[in-house]
Each structure stands twice: as structure tokens, then as C-alpha cells.
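Structure, as C-alpha cells:
The values are calculated or read from the model by the stated rules, or taken from the named source; none is laboratory data. Bear in mind the structure is a predicted one, so any value in this text is a computation, not a measurement. Cβ placement follows ideal geometry from the backbone for every residue including glycine, while neighbour counts extend to all protein chains displayed.
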Amino acid sequence: MTEDLRQSLRQAAEAGEVLPVEGPEVSWEYPSEPDFGDLATPVAFALARSLRRKPRDIAELLQRCLDLDPRVVDRVEVGGAGYLNLFLTKGFWQQVVPEILRAGQRYGRSQVGVGKRAQVEFVSANPTGPLHVGHGRGAAVGDALASLLAAVGFDVEREFYINDAGTQIEMLARSVLARYRQSWGREVVFPEEGYHGEYVTDLAARLRERYGEKFVDLPEQECLPVISEFSTHLMLEEIKGDLDRFGIRFDSWFSEKALLSRWGPTDRTRLLEAARNLLGRYVYEAEGAVWLGTSAFGDDKDRVLIRANGEPTYFLSDCFYHRDKFERGFDRLIDVWGADHHGYIPRVEAALQALGHPAESFHVLLVQMVTVLRGGASVPMSKRSGEFVTLAEVVQEVGRDAARFTFLTRRSDSPLDFDLEVATAQSLENPVYYVQYGHARISSVLREAEKAGYPGPYLDAPVELLDVGEELGLLKQLALYPEVVEATALAYEPHRIPVYLQNLAGELHSYYNKYRIISADRPLSQARLALVSAIRMVLANALGLLGVAAPERM
RNA sequence: GCGCCCAUAGCUCAGUUGGAUAGAGCGCCGGACUUCGAAUCCGUAGGUCGCAGGUUCGAAUCCUGCUGGGCGCGCCA
């Protein structure tokens, strides 16, 4: 719609011979003041300089030349110092209702991503402990982003990368072994950098159930591979369970260990060969280690791929991993990372450029830290000390919908204070319930309508009867929804959806309190029922993108 | 020391590519249920958009410097 207007404005401008050779960039905004119309463009300002004329004169000239569809555009005014304000016809807004009712769940979906494959990788927690709140935020954001991209046409895959190789896994195994031996009454020194959480003791107990005293006196080197496997398997099951209860489903679980084993035993020679094959001339050896020349692509310094002891770094795995992703045919890769990993971005970007992939095809969405507050005091969190608030606890305490909405309402860029007591105590005033209540309320009205002899689906309702200010405001909100979804997806900013939802729900509640939907006036009732049905549809669609339920009763 | 992120009403936060008079929720105070759900609504109050410059017809938004806070700077992940 805006594109049509842009086109005709361009033509008008050219006809009026006021333009430079190139057509101007026509930008639109939605004025907050009704007096300024439904759509406005400051295009005259942009032309003022090159034409050396007053913006207002140009705007007036454009106004006279415009040839717009009278069914859509009611009138055009020049406002302020040179704004072109377009007033659209009521009919244009009203027709959005049958459009939504016909499209149903498809309303708000679009086509920009059609034919392109995108992958969103998120959570990707080490299986060395349960998921904490920070992972929860990443999970909510990643999942919503994936849904958004799918809504605008991308073929989307959700992937969880399992860091099941390397020193952290070994550390977990050694921690479990220590607890296990302690449970048999042995005096053992707990690993210095070991994991102290209670779950480690639980894992040791499970190990004991399964293997009895098998590992009590066995040399460490023989125990560790089995215990690693055993522990990471159990942790991963727990992680999957937590995510499932949070409503997150992954299409793909990708194992680092399996990735590395493609090159056979992970010895230095084979890894070096693989790295050379992949990254070519940017790989070099120095000081006993193997390096990648990432500084050639803007990183602060070069990075180690294979340590002097022959062990691969996490970074080498990541090079292989992202290479593999591209080989799987994705046009666009998005990694959702905790902000504490931001320093890692330049080297991965550098590696991908060394692999020959354009910078735009890869994007890291940083999600800032979550500070959990209990009674106003922050709860210190450290996986190694074992002191942290888990995702499972949060879901238990505040509920899945409220937790998701809270994670998604703020920009990923801003740190989040999550006060458990406040979230629980204020649960009835939580914005998520405000929105859900709107959905439930309409559902209730529609049930009443059924009883009153106004059955749905109102496809042919006389929507031309919708013309009070509140109704037109609602119609405009509804018409805007597809653009909101598209902009939100392409900007990777899921928080815009909760903002939109709160606005829409707010207008709905005001409207509801001022007007009656069901009355003796049959045509008017039909029209209003059609309107609220459309609102309910949009609420449900948008909540669906967030992974939040749209209840018919609360 | 270097790098990234943040700073908007008492609190928590929005503010779309730079646009017209910067918004909402919570909290305070005062109102609205014999009628479709009061988990709602209506009204009042609340601001040097951290500070200082700059770019622009126009800046909360872009640039530079500064202040304050978070995070990172390993042959850890």
C-alpha cells in the first residue's frame, strides 16, 4: 500500500518537473496527531536543498500534481513547514477487517524471505550444568526470532550447538568422579576449577546407581571417558526437559564432538590438515601452536586454533562449525549469544571472511545479562560455584508465559533485572496478562454473541458502520501489523512485538469500556463483532510468535 | 589501559529508515460494575532524554569528547 503511494508520489513529482534526475527517497511515517493525517512524508524537506526552494512550496507543488486512487486517499494536505499529510478513506481502513478474517492465522505473514534459508542458533549451553535464567532469556529471544523470520517467509531452522568436547566437559567429569569417590568414603581432593553445584552430587549418585563401585579405584584416565559420556548425556536430557517445559523445540541438536570426530582421531596432524584445507593461507604455525590470521580481517590479534599441546581450541571447532552451517545451505546465520561473549565476535567474523563468506550473511545477536533479584537483592550467579537461579525455577515460580513475555519485552541490548518476588507478587498486573486478558475478553464476548443470535465468522459484516474514533484507531493498528512483523524480523528485534501488543490491547480495553459490542442494532453488532474478531486474531497471531499462549478463558 | 553495551518521568521500560507537542505500565491521588469478563477503564500529577560540543531545515536518535554503570580483553568456553 505504501509502495503504491510512493510510486504515485514519484510520478507526480516527475510530472511537476520539480525533481532532480533521480527520484527522491520517499519515507513515510505514521503521525501521532490525527490532524496530521494517516500517513505523512517529509519528502519536500529532502528536495528543498537541491532545488533551493522552500519545503513548503515544494510540498504544495507536489500536492497539486498528485494523482492518487480516490478509493484509498481521501485528501492531501500540506502541514507544518512542508509535510505532505495524506488522509486515507475510512473504506480503506475498514476493509482490513474482512481481510484479517479471511487470512486468519496467515494474517501478518509476508514474503520477503521466501526462497531463503535461515538458521537461528541459540541457547547452546554447555552440558555441564542446568540452564539458568540467562539461558532462558536467550531461549525466549532465539525462539521468537526464529518464529518471526518464518513469518516473513524464511525457511528457518532452530539449532542447539552442544559443546560436548573440551576441557569443560572433562572438568565436569572430574568433578563428578570426585563426588562419587567421596560418596564411597574416599578422601579426594576436589578439582580446583571444578563444578560445585549440587547437581554434581546428584550426577555422582546416579553414577553410583548405574555402575556401583566400578570407578572407585580405577585410574582416572579410564574412568573419565565413561563418566563424561554418562554425565553429559544426563545433563543434556535435563536441558532438553527444561526447554520443553519452556515451550522451546529445536529442529537440530548439533554435537561438537561429532563434528570433530569427522576428521578421525583429533590428533594435531589431522586437525592441522583439516584447518589448512578449510582456511588455507591464513593458517600458520608459531610458538608450537597453530594460528589463524584473523587480524587481517579486523580482529585485534591472531588467534590460536591448535594449542601447543595438540588440543584444538573452541575457536577451531567454531570455524569448522560455521563452515558446516554454510555448507548446509543457509543464506543467513544468526547466533544468539550471551553478551559476555561479545569479545569473541570479531574472530568468528574474521574466520568466516577467511572462508569467503560475506559479512552480512552472519549476524550475532547479543543478549545482555540477566540479574536475578530476590527480595531486592541480587543473587550472584556462577556456574562453577554452583550458585545460580535455574530456568526451571523461574518457570515454576512466575510461569512460562510471564517469563517469556518478560524476557521479550525489553530490548536484547539492555541488561535485565528479573525480580522473582516482584514478578510473582505482581503477576496479576503483569503486561502479559493485560494482553492475554484482551484475548480472553473477546473470546467471552464472542461466546455471548453466539448465544444472542449473532454467530460468526462475520465475513460479510457491514464494516462501513465502524467509524467512531476508537474504531478507526483500532483499524489502523490492525492494518499496521504486517509491517510491524516484517520490520521486527528484519531488524532482529523481537521486543517490538510485545510493545505492539500492549498498544493494541490498550486500545481494545478502552474501546470495550466505552462502547457495547452486542446490542439490539443488528448490523452494528455484526460490524463490531467482526472488528473484535479481527483484533482477537491479531492478538493470537502475535502472541504465537512469542511462544505465549492466547487463552480463551483466564 | 583497550574494546563492546547501556544511561529517557519516583521505579521498570518503549520511542520504527533522523521528523511536527518525547509515550506506556507500575506507584500516588480522585472517579466508573442492575447491561457483552472491573485481571478493565476514565481523570490529575510527574521530563535540562547522563553532561558538553558538532553535523542538519530538524537530533532522545548520527559524530566527537567526558561522567557513571555492566561485560569482555587466555594456547578457557
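Could you grab me the full set of residues in region A:286-331 that are of a type in the set (Asp, Glu), more than 7 Å from RNA strand B (Cβ to nearest atom) and assigned to a loop (DSSP other than H, G, I, E, B)? Steps first, please.
Of the residues in region A:286-331, the ones of a type in the set (Asp, Glu) are A:287, A:299-300, A:302, A:311, A:318, A:324, A:327, A:331.
This time we only want the ones that are more than 7 Å from RNA strand B (Cβ to nearest atom), so: A:299, A:302, A:318, A:324, A:327, A:331.
Once the filter is applied, which keeps residues that are of a type in the set (Asp, Glu), more than 7 Å from RNA strand B (Cβ to nearest atom) and assigned to a loop (DSSP other than H, G, I, E, B), region A:286-331 yields A:Asp299, A:Asp302, A:Asp331.
List the pairs whose first member sits in region A:160-171 and is free of Cβ contacts under 8 Å to residues at least 60 places away in the same chain, whose second member is hydroxyl-bearing (Ser, Thr, Tyr) and buried (at least 19 other Cβ atoms within 10 Å of the Cβ), and whose Cβ atoms are under 8 Å apart, counting only residues at least 6 apart or on separate chains?
Between residues of region A:160-171 that are free of Cβ contacts under 8 Å to residues at least 60 places away in the same chain and residues that are hydroxyl-bearing (Ser, Thr, Tyr) and buried (at least 19 other Cβ atoms within 10 Å of the Cβ), the close pairs are A:Gln168/A:Thr128; A:Glu170/A:Ser228; A:Met171/A:Thr128; A:Met171/A:Tyr195.
Tally time: how many residues in region A:162-206 are small (Gly, Ala, Ser), outside any helix (DSSP H, G or I) and within 37 Å of the chain's Cα centre (by Cα)? Can you show your working first?
Of all residues in region A:162-206, those small (Gly, Ala, Ser) come to A:165-166, A:173, A:175, A:178, A:183, A:185, A:194, A:197, A:204-205.
In the following step, the residues that additionally are outside any helix (DSSP H, G or I) were identified as A:165-166, A:185, A:194, A:197.
Subset that is within 37 Å of the chain's Cα centre (by Cα): A:165-166, A:194, A:197.
Number satisfying all stated conditions: 4.
Just for region A:27-43: of the residues that are farther than 14 Å from A:Val76 by Cα and among the small types (Gly, Ala, Ser), which one is modelled with the highest pLDDT?
A:Ser32
Among A:Asp401, A:Asp460, which is the only one that is of a type outside the set (A, V, I, L, M, F, W, C) and either assigned by TED's automatic domain parsing to the domain that holds A:Leu529 or near RNA strand B (Cβ under 9 Å from one of its atoms) (or both)? Outline the logic, then answer.
Details: A:Asp401 fails: either assigned by TED's automatic domain parsing to the domain that holds A:Leu529 or near RNA strand B (Cβ under 9 Å from one of its atoms) (or both).
That would be A:Asp460, the only listed residue that is of a type outside the set (A, V, I, L, M, F, W, C) and either assigned by TED's automatic domain parsing to the domain that holds A:Leu529 or near RNA strand B (Cβ under 9 Å from one of its atoms) (or both).
Mind listing just one residue for me: the one in region A:105-124 that is touching a strand residue (DSSP E or B) at 6+ places or on another chain (Cβ under 7 Å) and hydrophobic (A, V, I, L, M, F, W, C) and, of those, surrounded by the fewest Cβ atoms within 10 Å (Cβ to Cβ)? Give the derivation first.
Restricting attention to region A:105-124, the residues satisfying the condition of being touching a strand residue (DSSP E or B) at 6+ places or on another chain (Cβ under 7 Å) are A:116-124.
Now restrict to residues that are hydrophobic (A, V, I, L, M, F, W, C): A:118, A:120, A:122-123.
Numbers: A:Ala118: 23, A:Val120: 30, A:Phe122: 26, A:Val123: 26.
Result: A:Ala118.
So is A:Glu486 acidic (Asp, Glu), out of contact with any helix residue (DSSP H, G or I) (no Cβ under 8 Å at 6 or more places or on another chain) and more than 9 Å from RNA strand B (Cβ to nearest atom) or not? Walk me through it before giving the result.
Details: acidic (Asp, Glu): yes; out of contact with any helix residue (DSSP H, G or I) (no Cβ under 8 Å at 6 or more places or on another chain): yes; more than 9 Å from RNA strand B (Cβ to nearest atom): yes.
Yes.
Go through region A:176-192 and give me each residue that's crowded, with 16+ Cβ neighbours inside 10 Å and hydroxyl-bearing (Ser, Thr, Tyr).
A:Tyr180
(1) at pLDDT 90 or above; (2) surrounded by fewer than 17 Cβ atoms within 10 Å (Cβ to Cβ); (3) under 38 Å from the mean Cα position of the chain (by Cα); (4) not in a helix (DSSP H, G or I): which one isn't true of A:Glu213, the others all being true?
(3)
Does A:Leu84 satisfy the condition of being touching a Leu at 6+ places or on another chain (Cβ under 7 Å), over 30 Å from A:Leu529 (Cα atoms), within 15 Å of RNA strand B (Cβ to nearest atom) and modelled with pLDDT of 75 or more?
Values: touching a Leu at 6+ places or on another chain (Cβ under 7 Å): yes; over 30 Å from A:Leu529 (Cα atoms): yes; within 15 Å of RNA strand B (Cβ to nearest atom): yes; modelled with pLDDT of 75 or more: yes.
Taking the combined requirement at face value, the residue satisfies it.
With respect to A:Gly104, determine if the residue is within 15 Å of RNA strand B (Cβ to nearest atom) and not aliphatic (A, V, I, L, M).
Numbers: within 15 Å of RNA strand B (Cβ to nearest atom): no; not aliphatic (A, V, I, L, M): yes.
Judged against the criteria, A:Gly104 is not a match.
Do the conditions hold for A:Val156, that is, is it closer than 26 Å to A:Phe418 by Cα, touching a residue at least 12 places away in the same chain (Cβ under 8 Å) and not assigned by TED's automatic domain parsing to the domain that holds A:Ala530? Quick ask: steps written out before the conclusion?
Working: closer than 26 Å to A:Phe418 by Cα: no; touching a residue at least 12 places away in the same chain (Cβ under 8 Å): yes; not assigned by TED's automatic domain parsing to the domain that holds A:Ala530: yes.
Criteria not met by A:Val156.
Within region A:269-292, does at least one residue satisfy the condition of being farther than 25 Å from A:Glu159 by Cα, buried (at least 17 other Cβ atoms within 10 Å of the Cβ) and within 33 Å of the chain's Cα centre (by Cα)?
Taking every residue of region A:269-292 in turn, at least one turns out to be farther than 25 Å from A:Glu159 by Cα, buried (at least 17 other Cβ atoms within 10 Å of the Cβ) and within 33 Å of the chain's Cα centre (by Cα).
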